[in-house]
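Down below is the structure, laid out as structure tokens.
The values are calculated or read from the model by the stated rules, or taken from the named source; none is laboratory data. Everything numeric here is computed off the predicted structure, so don't read it as measured data. Cβ placement follows ideal geometry from the backbone for every residue including glycine, while neighbour counts extend to all protein chains displayed. Just so you know, the surface numbers come from the protein's heavy atoms only, side chains and all, with ligands and any DNA or RNA stripped out. Shrake-Rupley method; radii C 1.70, N 1.55, O 1.52, S 1.80 Å.
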Amino acid sequence: MKKFLKRFSTRSTLWSLWSVWVITVCAVQLWRLNHLAYTGFDLAIYTQVFWNLTHGNGFFSSIQDHTYLSDHLEPILLMFWPLMKVWFSPLWLLWGQTLILASSIFPLYRLTRRVLPERQALILPILFLLHTTLWNTATIEFHALALATPLLLWVGVLLVEGKAKWWQWTLLLAALALVREEMGLVVIGFGVLAALKKRGWRWWLPAILVGALWTGVSQWIQSWFVDAYRYTYYFPWFDNLQQGQYSDGFFSALGFLFRLDVLRMVLEAILAVGLVWLLAAEWLIPAIPVIASFALLDAGVSNAMIEGYHATVPFTLFWAALPFGLQRTQKLLKRVLRSGPPIPYGFLLGMVAPAMLSTWLFLWWQYPAGTSEYQPEDIQVLLDRVDEEDGVVASAAFLPLLANRTNLQASWYIFRGEDEFLTAPYTLSAETRWLLFDTNEFLDLRTQRDEFWLEHEQFLELLRTQFTPVASIGSVVLFEHIDQQALHRSTFTSLMHYASGTPEAIPEELILANADRPEALVLLGPHTTVVGNHLFVDLYVSKPARWKKLETDFITPVIRIQNGDQHITVPLGYGLITPDTVQAGDRMQMDITLPERMLRAGRSNLELKITGELIQLKGLSYGRHQSIIHRTSWVETFLDTTLPIE
């Protein structure tokens, strides 16, 4: 009876940990989805692929403008297909990923139990669930590679216990291989590990055969959809090898190994799970191909431990090695000390905990929160106008919520004019009806690279000639495609944040009214009013000389609209302007739809404060995953008053 109660208590503890973590992460994922925090494209791409799959369009992704099979071969994703047919939502992917990741504590406990006593063995599953890398893997995006986490640990369990039949071992290895095309190399690594642990041929031979077979088959299947461009995009030195420049390719690859971001990744990986796993480093053999690809990758390598899914294989195998590293550390210390009882495992964990926790805090500090100024109900007003049959071009944050359609494109690629791998033009689909665009993102897009200036001008021309704005919430604007002959430019410029054209004479009464502000860069025009939930803002440039003195490449004026403790920030321009283009009398006219949360129910007046600032950009060094570099060089209050609501 006592044995039963102990076993039941341990199982209930594990299930309780699983439940608490799953509920917490699922709630965070729901919040992030509703608050437009999934901006990495991947969740939207996976979701739209399932939409096309359930509607007979194969694995095509209009966001990428090619079949997803040219990116990755991930048969394990088909488990979500029946669920998507019942109720189509990206939450299936996010919540399914969470359930699978949380289930990793059960095989991890089995591994840990081989070394630690029953109660102490619960420590590692708890630390695993608290780890920042696992949290980031679950909440930042969805990736099929994350689904390999429990499979890797179960392979470790079967290998250590040695009780499974050969067909059970083979089936588990096959399931692991089907996660992704490169997992065949990981499976081969488990075959090498089985041989090193002196398992019989029934252990190492199936692993090598399954891994080699899947590697060959997956590469053959993908060869029908893709050429070598994917490898030359991620591994530039590979292009040298293809062209027969072996010496250049070798030294280029060698240079990648000694980059600072590679050293940072290695340091994060070592410290994040403590150092004792080094004594059981043979568990990292299956991860060698993955680690090598990190070191030789052109971009994103330093984010491996931050974004989590990149590090799925080595991160999981670190935890598989940890209990055996503790065991060997204890034996090593006993030999060194030569007397006394063995050092408790709890004490050894306490020694490595500071390094682990400090690394977790560092990784957590870099967590991409992706917060939004708008409440879900604000954005839903715009989304409700877009039918499922309509083609849409959208900013990254809106893509997951609009993935239930065949024709969906990313404004990022439209702006750039090229696809993800810079190998083919990316142009507006003829079926596009709507463009849902956050002008703040346009500011980010513009600062990516200076050579995008031409595309920036073409994008503005596309807006001016083919679309007209029909609704807006703060800086988010919904455009509808219109016929070229039916274009009314005045309708467009009434909502355009920076009204280009011939400068106007600043009204004399406006100059007199601002006599106490001789250095004002911008004057508030006479037509600033509030009608219902629409704020009409009228601004004039008054001191362009001060703008031209700024030592910068590009500037953008921004206004912050505040009512009590609620505010929104709106850039005065769909892009950036150069100081040389600013002229006295340039007029900025805006029609801003205020979110309901900014309006006070039952009030006839709106307590409004409009503050302007100038964002200055100079000498940008912009990486693929970095945020915009900016500094405020000017702040000025235009209006701090109460406006009547007509």
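A Cβ-based charge dipole, computed about the Cα centre of the range 75-180 with Lys and Arg at +1 and Asp and Glu at -1, lands at about 280 debye.
Which of the peptides 152-159, 413-420 is most tightly packed, and how do the rest follow, judged by the mean count of other Cβ atoms within 10 Å per residue?
152-159, 413-420
Positive end of the dipole of the range 160-230 (Cβ unit charges, origin at the Cα centre): among Leu196, Leu172, Thr215, the Cα lying farthest that way belongs to Leu196. Count Lys and Arg as plus one, Asp and Glu as minus one, and take only other residues whose Cβ is under 13 Å from that of Pro206; the net charge is then +3. Shown in residue order for the range 203-209 are the 3J(HN,Hα) couplings computed by the Karplus curve 6.51 cos²θ - 1.76 cosθ + 1.60 at θ = phi - 60°: 9, 7, 5, x, 5, 5, 5 Hz (x for Gly and Pro). Taking every C-alpha pair closer than 8 Å and separated by at least 6 residues, the mean separation divided by the residue count of the range 56-197 gives a relative contact order of 28 percent. Given Lys197/Lys331; Lys543/Lys609; Lys163/Lys198; Lys165/Lys334; Lys165/Lys197, which pairs have Cα atoms separated by over 25 Å? Cα-Cα > 25 Å for Lys165/Lys334; rest within.
Using only the Cα atoms of the range 1-128, build the gyration tensor, take square roots of its eigenvalues as a ≥ b ≥ c, and label the shape rounded, prolate or oblate: rounded if a/c is under 1.5, else prolate if a/b is larger than b/c, else oblate. Here the range 1-128 falls in the prolate category.
Each peptide in 189-202, 392-405 receives the mean, over its residues, of other Cβ atoms within 10 Å, and ordering these scores from highest gives 392-405, 189-202.
For a test of the definition: using alpha carbon positions, the gyration tensor, and the 1.5 limit on a/c, classify the range 80-208 as rounded, prolate or oblate. Taking the square roots of the gyration eigenvalues as a ≥ b ≥ c, the range 80-208 is oblate. Measuring only protein heavy atoms, the 1.4 Å probe finds Glu596 accessible over about 120 Å². What is the range 111-166 by shape, rounded, prolate or oblate, if you read a ≥ b ≥ c off the alpha carbon gyration tensor as root eigenvalues and call it rounded for a/c under 1.5, prolate for a/b larger than b/c, and oblate otherwise? Oblate is the answer for the range 111-166, as a/c is 1.5 or above yet b/c matches or exceeds a/b. Extension gain for Arg385-Ala27 works out to 126.2 nm (0.36 nm per residue, less the C-alpha to C-alpha distance). Rolling a 1.4 Å probe over the protein chains gives Ile482 an accessible area of about 40 Å².
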